[in-house]
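Please read the structure below before turning to the comments.
The values are calculated or read from the model by the stated rules, or taken from the named source; none is laboratory data. The structure displayed is predicted, hence computed values, not measured ones. Neighbour counts run over all protein chains shown; Cβ positions are idealised from the backbone, glycine included.
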Amino acid sequence: MQLQEILFNQGFGTRRVCAGLIQKGLVSIKPREALADMAFSVVSESDLELAPEGLQFKVSGVPGLPDLVWPYAERAYIVFHKPTGHECSHKASHWPTIYSLLPSPLRLRPQKSAIQGVQAIGRLDQDTTGLLILTDDGALIHKLSSPKHHAPKVYEVTTKHSIDAKQITRLLEGVVLDDSPKPVLAAACEPVGELGVTTHLRLTLTEGKYHQVKRMIAAVGNRVEGLHRSQMGAFKLPDDLPAGAWRWLKPLELAQLSAQ
Ligand code: URA
């Protein structure tokens with residue numbers, strides 16, 4: 001594949017823009033067969049033919065674009081630690097969007113099927129923090145957001161009032177929410193700390209209704225003061241990923257996501 005086509009596929013702009021970046025000497029590459037400690041080499045021929053698999057490249061000196069090593073990726077799979085004060089929608093209404101925290105190539109990857117750029121699999125509220133997965137793999141978005149997909153999601157909930165045994169029982173047995181004909185229940189629910197004292201609850205849900213955690217906690221007479229998603233499927237938010245940061249998912253992590 002030509003280098004300009006590779007950059008275009010990875011979201012660096014139109015083919016003409018990508019050719020320009022290369023011809024200006026802003027692009028350096030490291031092919032798959034290069035040794036780990038080998039330096040990146042600048043390439044200025046936009047039509048250079050390269051095997052994209054395993055290719056790494058850098059695009060330097062473009063205003064607003066962070067100086068990163070980009071692995072060629074047919075599909076992008078990203079783990080993101082959502083900070084508070086950001087909406088998950090593409091067009092922000094009251095708060096900045098999470099997409100403004102990602103480098104432009106991730107947002108501008110050309111459309112494949114119905115998806116342009118990476119999109120969050122499921123949404124978190126503006127004031128919720130924690131684990132979000134973003135991808136441009138429409139099949140994975142469809143699979144993980146389908147109501148038939150019951151992979152657990154774990155939330156760390158800070159409540160206004162202390163959590164007692166009665167609240168735990170009600171959350172496990174099911175509470176009635178106005179948009180659900182059947183009671184909605186937690187798959188697991190454990191206080192973190194002493195019952196009757198602690199305001200920290202670990203709640204596991206296998207579905208994702210609108211404001212579900214907040215509404216379930218309200219239904220048992222308490223109130224959510226802080227909400228953080230720590231896990232999806234068997235995949236936990238990495239401890240070393242601070243709020244607002246993202247990184248590429250590793251293949252094993254991708255498998256953990258679908259695990260029940
Ligand atoms: N439940 C909520 O109430 N809010 C979230 O952001 C996620 C789950």
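Data overview
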read-out: Segment 175-189, residues that are in contact with a Pro (Cβ under 7 Å, 6 or more places away or on another chain) and either surrounded by 14 or more Cβ atoms within 10 Å (Cβ to Cβ) or under 17 Å from His150 (Cβ atoms) (or both); value: Val175, Ala187
read-out: Per-region count, segment 71-99, residues touching a Leu at 6+ places or on another chain (Cβ under 6 Å), part of a strand (DSSP E or B) and not basic (Lys, Arg); value: 5
read-out: Odd one out for Val192, checked against (1) loosely packed, with under 14 Cβ neighbours inside 10 Å; (2) over 29 Å from the mean Cα position of the chain (by Cα); value: (2)
read-out: The listed residue being of a type outside the set (Val, Ile, Thr) and within 16 Å of the ligand (Cβ to nearest atom), out of Phe57, Phe80; value: Phe80
read-out: Residue tally, condition more than 16 Å from the ligand (Cβ to nearest atom), touching a strand residue (DSSP E or B) at 6+ places or on another chain (Cβ under 6 Å) and in contact (Cβ under 8 Å) with a residue 60 or more places away in the chain, over segment 131-171; value: 2
read-out: When residues of segment 183-223 are limited to those that are of a type outside the set (S, T, N, Q), within 11 Å of the ligand (Cβ to nearest atom) and in a helix (DSSP H, G or I), the one farthest from Glu173 (Cα to Cα); value: Lys214
read-out: Members of segment 172-190 found to be touching a residue at least 24 places away in the same chain (Cβ under 8 Å) and small (Gly, Ala, Ser), listed by number; value: Ser180, Ala186, Ala187, Ala188
read-out: Search result, residues across segment 23-43 that are in contact with a strand residue (DSSP E or B) (Cβ under 9 Å, 6 or more places away or on another chain) and closer than 21 Å to Gly61 by Cβ; value: Gly25, Leu26, Val27, Ser28, Ile29, Lys30, Ala39, Phe40, Ser41, Val42, Val43
read-out: Residue tally, condition more than 12 Å from Glu156 (Cα to Cα), surrounded by 14 or more Cβ atoms within 10 Å (Cβ to Cβ) and either charged (D, E, K, R) or in the same structural domain as Gly85 (by TED's automatic domain parsing) (or both), over segment 215-231; value: 1
